[in-house]
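Here's the structure we're looking at; comments come further down.
Readers should treat all values here as calculations from the given coordinates under stated rules, not as data from a laboratory. The structure presented is a predicted model; accordingly, all values stated were derived computationally and were not measured. Cβ: placed from backbone, ideal geometry, glycine included. Neighbour counts: every protein chain shown.
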């Protein structure tokens, strides 16, 4: 196992223009507008346990289910995102809003520690009776993560203490002892939060509870969801058949160490694998590590979009069969890419293998970031790789999980850049940061300066408090060929191992590393088993996937374009969106207007055309219009 551990988000300052712009937008617009929506739609009022309860804002589906059972989780995620934002800039108004929410949660908490406002306000007799569908533990997990982030940022313990009481209630009710429920949540999340609580408090009981939920999952003797179904039927309470038909939907179809194919709901799967990787490190569990590696291989080889989107199907918000990666109907939920980032970071710290950082970076710049608009107040739940022009970003959703997931990611992104070990520092991402690190008891100030992802020219300053020998590991992305580096102006030889080039020396104040990562435009081709992309090509530059959007290519849908294989692709500095890099190339365009019938014997006419591409994460910020990532080759 690796000795490297990520530096906390509160200890990293974002200074580069790319992430500073995104962070400033989240601070100024996303966090306040989300609070306004939580108020407008009744989320925050639900914490007051109004009696009698008001009519449902989101009515029950035909199967009796309503998304309002998740409201506590959305509020917890908002607190977490706001807390991360406060670590960059304290805001008295936002802190007051958080404190008001904590007031309500604290008043709502039952004497025994239980805290779920849906059940406390509407169905108190049914708590812990439908773990499969109503996700009390999932809600608790997001609330706990919010409490931890708020404490780490502000030092205020009240919200954390409320949640610690709830965790103790959960610990008393779940486990293998007589009288306890041998259950687990239908939507994994509590495990991640408990491991974070363990990291914060060093109390092993939290780690043990997380391990219980993972180890118990999928136990067939008997399956817990069958047990609770029988109990509900005895009481005459409703119980709906899984629409998906099997327990694969919640990854509870078999014990986790026996799972070798990625199945079911994408977000649930990624959260579970993240917890498994965490536990593999903390418990030195070779079985969990091996299962994670097997499942990772399955995702990478058969199930991930080029944008690091996950899950082709809206039916189960998840996976279907190998190589099923449709473009226009891709579900690719924003939450799934965010969760993939969590998993990739944990896998990275198992062995410090750059292949995990490559996926983390791809998901960060493409699959996840596309979920948040430039104005910070509109979102994508689904992230297709092709559009006929009808999809638009929405300002809220009946299930707004993605809104707070992407905002908490952006606000905490500093925690993904760098890690430390007793004898070294490892840089995983670039984009402009500064931090003060502890390396074997010595304080080392570091500053990375770059215009990444637009440029691969990177400068790193290493300033130890006293001269000290240690290793600096520089990630050389998998897309980069021909990286070069200098230390204090003198060239050093880079020999990357598992994606990292190591520079070992005695470092002193004022030492500087210059790293150059060439960023040519690359053509990417899909495995022929991905039949949707046969004869098509995707364009990338550095970590960014590009797309054609109608706003840059007017005159018809962008599906009319073809890109000849021999065409040169030029890099163009643009004034769009504060100065992004666009790509241009000579190609061909089908004359759509001339082809009047649905079918005919003669092919359509084609004419020379110039294609202009922009980064995928920026599409749908200029109104409706067609879009395509995979371009037909001529």
Sort 350, 598 so the one with the fewest other Cβ atoms within 10 Å of its own Cβ comes first. 598, 350
Suppose a student asked you for the relative contact order of region 477-531, using Cα pairs under 8 Å spaced at least 6 residues apart; what percent would you report? 42 percent
Find the all-direction average of the projected area of the Cα convex hull for region 490-634, expressing the result in square nanometres with one decimal place. 13.6 nm²
Enter the Cα centre distance for the pair region 533-566 and region 193-220, rounded to the nearest angstrom. 46 Å
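Among 536, 505, 560, what is the fewest-to-most ranking by other Cβ atoms within 10 Å? Intermediate values should be presented prior to the final figure.
On the way: 536 19, 505 13, 560 22.
Placing the least packed residue first, the sequence is 505, 536, 560.
For each of 437, 352, 372, count neighbouring Cβ atoms within 10 Å of the residue's Cβ, then give the residues from fewest to most. Walk me through the intermediate numbers first.
Numbers: 437 18, 352 23, 372 26.
So the residues, fewest neighbours to most, are 437, 352, 372.
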Percent relative contact order of region 168-245, based on C-alpha pairs within less than 8 angstrom and at least six residues apart? 23 percent
Based on the mean of other beta carbon atoms within 10 Å per residue, what is the order of 448-455, 292-299, 600-607, 614-621, most packed first? 614-621, 448-455, 292-299, 600-607
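When the Cα atoms of region 147-272 are enclosed in a convex hull and the volume is divided per residue, what value in Å³ results?
Values: hull volume 17.2 nm³, N = 126.
So the per-residue hull volume is 137 Å³.
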Compute the relative contact order of the chain as a whole-number percentage, counting only Cα pairs closer than 8 Å that sit 6 or more residues apart in sequence. 13 percent
Space enclosed by the convex hull of the alpha-carbon atoms of region 285-324, per residue, Å³: 79 Å³
Just to confirm my numbers, what's the Cα centroid distance between region 363-384 and region 63-119 in Å? 23 Å
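State the volume of the convex hull built on the alpha-carbon positions of region 1-141, expressed per residue in Å³ and rounded to an integer. Working shown, then result.
Values: hull volume 26.0 nm³, N = 141.
Measuring per residue, one finds 184 Å³ for the Cα hull of region 1-141.
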So what is the calculated 222 nm ellipticity per residue for the chain, using -39500 (n - 2.57) for each DSSP H run with n of 4 or more, over all residues, to the nearest 500 deg cm²/dmol? -10000 deg cm²/dmol
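Give me the percent of Cα-Cα pairs in region 418-516 that sit more than 24 Å apart, rounded to a whole number. Can you show the working numbers first?
Values: 658 of 4851 pairs.
Above the 24 Å cut-off, region 418-516 has 14 percent of its Cα pairs.
Counting every Cα pair in the chain, what percent are over 35 Å apart? Don't skip to the answer; put the middle values down first.
Numbers: 83494 of 200661 pairs.
That tail contains 42 percent of the Cα-Cα pairs.
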